[in-house]
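Enquirer: I have a structure here, written as structure tokens, and I will follow up with some questions on it.
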Amino acid sequence: MPKTMRYTLLSLRDLAVSVGPFIVLAVTLLVLAYWWLDPNPPKRVVLATGPAQSAYEEFGKRYARILAKDGIEVVLLPSEGSAANLQLLRDGKADLGFVQGGTSEAGTASNDQLESLGSLFLEPVWLFYREEAARKVTAASATAEATLSSLTQLQGLRVNVGTPGSGVPNLMNKLLESNHIESSALKISQLEQTPATVAFLAGELDAIVFASAPESLMVQMLLQTPGVKLMDFAQSEAYSRRFAFLSPAVLPRGVVDLAANIPPQDVHLVAPTTTLLTRTSTHPALLELFALAGNEIHGSAGWFKRAREYPNVKNNELPVAKEAERSIQTGPPLLQRYLPFWVANMVERMWLAMGIIIAVLLPLSRIVPPLYEFRVRSRIFRWYGQLRNIENRAEETQDTGPLLDELNEMESRAEKISVPLSYTDELYALRNNIQLVRKKLQKH
């Protein structure tokens, strides 16, 4: 091997040995920081949605498609609705879920482990009734238009309020109670959406209540069904003042079908705000991804909102996660606009820890040059101990022959010492000192 290459490799070896402990410490600190911060989210998350053909189910599919682009599998967990989703979150069977405002009272102990990712959309109360049934309670003539505009007019009618897990029964109980109506005054049933709609269209029910986004196929179908009308909540503003989780909403004339002029006039509705709730233990990066997906899914204009009006951090009964609030207000972080999610997320969540590690290691790095120098020079200096020993023994004996042989062997071995070129002066100094001791022995 050429001497130049040999000296280079030797220098690299000494440098590696000197820097080795420093590198091991840095890697150990990074591993500990990674373990402590857990920057990368799990690749599988469970989202509680709702019944088949509901708006919750449709929105869940959209979230799944968007997060799949970043390698996150969103498992959709069907349920009866808001109340069921809330229970799934409390039981730890779902990581996130759509929950309608008013489903549970905020501030209860069971909600301590939950937080919100913001308000997503208004979910109006759709109270559809058969015009035939309205004639019975309003005593309208066969030629006059029969309409309902108050919950008090439902007394005696057959009304389906949805399954207990949907949250609608609880909501309707609150609305009926505010109108001083006993539940027994109505013939209430709690069928699921699809069977209830079939029974309603068959004349077995007089009215049916949904609380759903307008994207619901059931809602859009009933809005265009002859003989079926949507109740106008004339007191919608009053309801919103009585219940903090309700907002007044207006279904504009002709918004369903401009050509057919459906609805034929503005319809006043009351609407709970639907939020995306999550457990506080859910990984922060997942919360950020869901909030960003929410901006894309719910940010467009709709029947009850203007563009970019939702998602927002208003009308939330639970605290809003800081990751969601930041994503809703400012959009994706700077790095995620230019880098893949996994890389950007790693840097964003590790930069502070990396800064602290660098601040700790910089002072320690000052010991590397002296350590390297000591290692190289010790390869030479260790011979001085043997040289001093030979010199001391020469003063105690008259026979220097064995000492000269030992010195020659030492010189032969010292000539084979390899050091970086920048330290050859130390090697030549050793050889000169060996010659000085040899002359002293020869004069003895």
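The values are calculated or read from the model by the stated rules, or taken from the named source; none is laboratory data. In this text, all values refer to a predicted model and were calculated from it rather than measured experimentally. Cβ atoms come from the backbone with ideal geometry, glycine included; neighbour counts cover every protein chain shown. Please note that ligands, DNA and RNA were not included when accessible areas were found on the heavy atoms of the full protein model with its side chains. Shrake-Rupley method; radii C 1.70, N 1.55, O 1.52, S 1.80 Å.
Enquirer: Evaluate the charge dipole of the chain about its Cα centre and quote only its size in Debye, nearest 20, assuming +1 on the Cβ of each Lys and Arg and -1 on the Cβ of each Asp and Glu. Display every interim value, and only then the final one.
Expert: Numbers: 44 positive and 45 negative charges, 339 e Å.
For this selection, approximately 1620 debye.
Enquirer: Percent antiparallel among DSSP beta bridges with both residues in the chain, to the nearest 5?
Expert: Values: 28 of 41 bridges.
Looking only at bridges with both residues in the chain, the antiparallel portion is about 70 percent.
Enquirer: Put +1 on the Cβ of every Lys and Arg and -1 on every Asp and Glu Cβ in the chain; which of Leu251, Thr275, Gly71 then has its Cα farthest towards the positive end of the dipole?
Expert: The one lying farthest along the dipole's positive direction is Gly71.
Enquirer: Hey, another quick one. What is the angle, in °, between the Cα long axis of helix 3-37 and the longest principal axis of the Cα atoms in the chain? Nearest 10 is fine, range 0 to 90.
Expert: Approximately 30 degrees, to the nearest 10.
Enquirer: Given the Cα-Cα distance of Thr194 and Thr330 and 0.36 nm per residue of separation, how much length would full extension add, in nm? Kindly include the intermediate steps, with their values, before the conclusion.
Expert: On the way: separation 136, 0.36 × 136 = 48.96 nm, distance 4.00 nm.
Once the chain is fully extended between Thr194 and Thr330, it gains 45.0 nm.
Enquirer: Can I ask one more? What is the helix-to-structure angle for 55-68, meaning the angle in degrees between its Cα long axis and the longest Cα principal axis of the chain, kept from 0 to 90 and rounded to the nearest 10?
Expert: 20 degrees
Enquirer: To continue, here is another question. What FRET efficiency comes out for Gln53 versus Leu339 if R0 is 30 angstrom and r is the Cβ-Cβ distance? Round to the nearest 0.05.
Expert: Details: r = 39 Å, r/R0 = 1.29.
Using R0 = 30 Å, I get an efficiency of 0.20.
Enquirer: Using the beta-carbon distance between Ser150 and Arg279 and R0 = 45 Å, what value does 1/(1 + (r/R0)^6) give for FRET efficiency, to the nearest 0.05? Let's see the in-between values first.
Expert: Details: r = 40 Å, r/R0 = 0.89.
So the FRET efficiency works out to roughly 0.65.
Enquirer: Another question, then. When a/c is below 1.5 the answer is rounded, else prolate if a/b is larger than b/c, else oblate, so apply that to the range 136-270 with a ≥ b ≥ c taken from the square roots of the Cα gyration tensor eigenvalues. Intermediate values should be presented prior to the final figure.
Expert: Values: a/c = 1.24, a/b = 1.14, b/c = 1.09.
It is rounded, given that a/c, with a ≥ b ≥ c, falls under 1.5.
Enquirer: Which far-off residues, 5 or more places away or on another chain, put their amide H under 5 Å from the one on Ala211, with H placed in the peptide plane?
Expert: Excluding prolines and chain starts, which carry no amide H, the hits are Trp126.
Enquirer: Still on this structure, please answer the following. I'd like the Karplus ³J(HN,Hα) series for the range 120-132: coefficients 6.51, -1.76, 1.60, θ = phi - 60°, whole numbers in Hz, and an x wherever there's a Gly or Pro.
Expert: 9, 6, 7, 10, x, 7, 9, 10, 8, 9, 7, 4, 4
Enquirer: Then there is this: Can you give me the % of accessible surface on the chain that is carbon or sulfur? Probe 1.4 Å, all protein chains present, nothing else counted. Please list the in-between numbers first.
Expert: Values: 12830 of 22830 Å².
Here it works out to 56 percent.
Enquirer: With θ set to phi - 60°, apply the Karplus curve 6.51 cos²θ - 1.76 cosθ + 1.60 along the range 304-316 and write out the HN-Hα couplings as whole Hz, x wherever there is a Gly or Pro.
Expert: Values, residue by residue: 10, 7, 9, 4, 6, 6, 10, x, 8, 9, 8, 6, 9 Hz.
Enquirer: Set the bar at 31 Å for Cα to Cα. Now go through Lys43/Lys305; Lys43/Lys174; Lys136/Lys305; Lys93/Lys314; Lys174/Lys305 and name every pair that lies beyond it.
Expert: Going by Cα-Cα distance, Lys43/Lys305; Lys43/Lys174; Lys136/Lys305 fall outside the 31 Å limit.
Enquirer: Taking 45 Å as R0, compute the FRET efficiency from the Cβ-Cβ separation of Arg306 and Glu373 and round it to 0.05. Write down the numbers at each step before the final one.
Expert: Values: r = 70 Å, r/R0 = 1.57.
Calculated value: 0.05.
Enquirer: Quick query: amide H of Leu77 versus all other amide H atoms, modeled in the peptide plane; which residues come in under 5 Å with a sequence gap of 5 or more or a different chain?
Expert: Leu47, Ala48, Thr49
Enquirer: Then there's this: What number comes out for accessible area per residue over the chain if the probe is 1.4 Å? Units Å², please. Show your work: numbers first, answer last.
Expert: On the way: 22830 Å² over 444 residues.
Per residue, the chain has an accessible area of 51 Å².
Enquirer: What residues have an amide H closer than 5 Å to that of Ile181, excluding those fewer than 5 places away on the same chain, when H is modeled at 1.01 Å from N in the peptide plane?
Expert: For Ile181, whose amide H was placed from the backbone, there are no distant partners under 5 Å.
Enquirer: If the chain between Asn432 and Arg388 were fully stretched, how many nm would it gain, using 0.36 nm times the residue separation less the Cα-Cα distance? Spell out each step's value before the answer.
Expert: Numbers: separation 44, 0.36 × 44 = 15.84 nm, distance 1.38 nm.
Gain on extension, Asn432 to Arg388, equals 14.5 nm.
Enquirer: Could you give each residue of the range 157-164 its phi-based ³J(HN,Hα) in whole Hz, using Karplus coefficients 6.51, -1.76, 1.60 with θ = phi - 60°, and x for Gly or Pro?
Expert: 8, 8, 10, 9, 10, x, 6, x
Enquirer: So what's the angle, to the nearest 10 degrees on a 0 to 90 scale, between helix 424-443 and the longest Cα principal axis of the chain?
Expert: Roughly 30 degrees, rounded to the nearest 10.
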